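Everything below concerns the one structure shown next.
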Amino acid sequence: MKFIAVIPARYASTRFPGKLMEILGEKTVIRTTYENVVKTNLFDEVFVVTDSELIYNEITSHHGKAMMSIKQHETGSDRIAEAIENITCDVIVNVQGDEPFINTKALEQLIDAYKKDVDQQISLATLKIEIKDEDEVKNPNVVKVVSDVNDFALYFSRSPIPFARDEDFKPKYYRHIGVYAFRKQALQKFSKLKMQQNEKAEKLEQLRYMEYGMRIKVLETDFVGIGIDTIEDLEKAKKLL
């Protein structure tokens, strides 16, 4: 099987415009992310996909691989689907450009899931981590996921799921971590499908896959990355570096 990593990298950001071109240590955030993904040695190829010539030139001028998005896209899946259309591969792992500290073990989990999937039941694979903080359970910005006994997703929601009807029973809650590994056929199919009710209501694109019958493998991890969404996040990342 051929595994590739794609790093979507938009220059614009509502909370922190141009964050991917900020300096982290001696390099930009996006270059740090790209080089750390390459260093995992898990992928046959690694690409940055961007709408910005600044980001494109930042990667290619340092001997990296990058491509420009041709169209405007509503979702990250659509942007990646366009990018990989003419690339020969089996599985595409989506790594966020604003998460420079790559956890190799978490990426290995996603790749191993496909290697073991001889019947090709998995359309997507992603990650979850147990929530320990009650405030996170109630926070709509923290996406929750419930899975079946075979670790396939039953639903993703901004609401607390499952709902605890009886006070004497406390279920475990899991936070969805938005790192995805797509089977190429599933990603290409997604880009041609219309948005349905659940995705519109929750504003979660992974629900479109489920609404059309595709199966999402959800693997538990203990990895929590540092996403750079604010200047404060950048300062935290600098300290960690």
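In table form, for the structure just shown:
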item	result
Test: Glu85 is surrounded by 14 or more Cβ atoms within 10 Å (Cβ to Cβ) and more than 13 Å from Ala181 (Cβ to Cβ)	no
Candidate set from the range 136-153 (those that are assigned to a loop (DSSP other than H, G, I, E, B) and at pLDDT 95 or above); member that is nearest to the chain's Cα centre (by Cα)	Asp151
Tally, over the range 198-241, of residues that are modelled with pLDDT of 90 or more and either in a loop (DSSP other than H, G, I, E, B) or on the phi > 0 side of the Ramachandran plot (or both)	8
Odd one out for Phe156 among (1) of a type in the set (Phe, Trp, Tyr); (2) in contact with a helix residue (DSSP H, G or I) (Cβ under 6 Å, 6 or more places away or on another chain); (3) part of a loop (DSSP other than H, G, I, E, B)	(3)
Selected residue (criterion: surrounded by the fewest Cβ atoms within 10 Å (Cβ to Cβ)) from residues of the range 210-232 that are free of Cβ contacts under 8 Å to residues at least 60 places away in the same chain and closer than 19 Å to Asn198 by Cβ	Gly213
Pair list, Cβ < 7 Å and 6+ apart or interchain, from the range 66-90 residues that are over 24 Å from Leu42 (Cβ atoms) to residues that are assigned to a helix (DSSP H, G or I) and among the aromatic types (Phe, Trp, Tyr)	Met68/Tyr56
Residue in the range 132-166 that is surrounded by the fewest Cβ atoms within 10 Å (Cβ to Cβ), counting only those that are free of Cβ contacts under 8 Å to residues at least 24 places away in the same chain and within 30 Å of Lys116 (Cβ to Cβ)	Val149
Options Ile161, Ile122: the member that is modelled with pLDDT of 95 or more, in contact with a strand residue (DSSP E or B) (Cβ under 9 Å, 6 or more places away or on another chain), part of a loop (DSSP other than H, G, I, E, B) and farther than 26 Å from Gly227 by Cα	Ile122
Identity of the residue in the range 125-135, under 18 Å from the mean Cα position of the chain (by Cα) and β-branched (Val, Ile, Thr), that ends up farthest from Val224 (Cα to Cα)	Thr126
Every pair of residues 6+ apart whose Cβ atoms lie under 7 Å, when the first sits in the range 101-123 and is on the phi < 0 side of the Ramachandran plot while the second is β-branched (Val, Ile, Thr) and assigned to a helix (DSSP H, G or I)	Ile102/Val37
One residue from Leu24, Leu54, Leu20, Leu42 being touching a strand residue (DSSP E or B) at 6+ places or on another chain (Cβ under 9 Å), in contact (Cβ under 8 Å) with a residue 40 or more places away in the chain, aliphatic (A, V, I, L, M) and farther than 30 Å from Val118 by Cα	Leu20
Helices (runs of 4 or more DSSP H) contained in the range 23-114 and holding at least 1 residues within 14 Å of the chain's Cα centre (by Cα) and closer than 22 Å to Val224 by Cα	29-39, 76-84
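The values are calculated or read from the model by the stated rules, or taken from the named source; none is laboratory data. All values derive from a computational prediction rather than experimental measurement. All Cβ positions, even for glycine, are placed from backbone atoms using ideal geometry, and neighbour counts span all protein chains on display.
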